[in-house]
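The values are calculated or read from the model by the stated rules, or taken from the named source; none is laboratory data. Note that the structure is a prediction, hence the values are computed from the model and not measured. When we count neighbours, we look across all protein chains shown, and the Cβ atoms used for this are built from the backbone with ideal geometry, even at glycine. The area values use the complete protein model at the heavy-atom level, side chains included, leaving out ligands, DNA and RNA. Shrake-Rupley method; radii C 1.70, N 1.55, O 1.52, S 1.80 Å.
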Amino acid sequence: QVQLVESGGGLVQAGGSLRLSCVASGRTFSRYTLAWFRQGPGKDRDFVAQSTGSGGVTSVADSVKGRFTISRDIAKNTVYLQMNSLKPEDTAVYYCAARQFGGGSTFYDYAYWGQGTQVTVSS
């Protein structure tokens with residue numbers, strides 16, 4: 001059974017930083033794509049960043065480019081999202097997601113989801 005558990009969310013002032021972690025269990029995730037999405041109040045769940053298993057290719061959404069960085073520790077089955085220069089509009093529940101082959105940037109591309117961690121950025 002695949003499990004994804006996020007941590008690291010919280011309340012931070014604008015301009016601050018947070019690092020989210022997502023630990024994956026139940027599979028060997030070295031070849032899985034692991035990604036982060038976010039969902040603000042009343043909004044859709046939007047792609048933030050992904051890290052593909054083979055080759056370690058990463059990509060981030062334009063809205064967070066230059067501020068957010070995704071990385072992974074394959075030995076620990078963990079993916080991280082380093083968030084710098086946070087803005088109030090980054091406030092959302094952040095979700096970790098996994099898929100077995102290839103990359104994807106939509107909700108429907110991912111079969112496995114964590115429960116989410118709340119990030120609140122105050123102005």
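To put it simply, the accessible area of the chain at a 1.4 Å probe is 47 percent carbon and sulfur. With contacts taken as Cα pairs under 8 Å and at least 6 residues apart, the chain reaches a relative contact order of 35 percent. The aspartates and glutamates within cross-link reach of K87, meaning a Cα-to-Cα straight distance under 17 Å and a gap of 8 or more places when in the same chain, are D46, D62. Remark: spin-label model distance S17-R31 equals 3.5 nm, labels positioned 7 Å along the Cα→Cβ axis. Within the same chain, aspartates and glutamates fewer than 8 places from K65 are excluded, and of the rest, those with a Cα less than 13 Å from its Cα are D90. Per residue, the range 27-104 exposes 48 Å² of solvent-accessible protein surface, assessed with a 1.4 angstrom probe and all protein chains in place. For S63, the solvent-accessible surface with a 1.4 Å probe is about 70 Å², rounded to the nearest 10. The candidates W113, W36, arranged from most to least accessible area with a 1.4 Å probe in the full protein assembly, appear as W113, W36.
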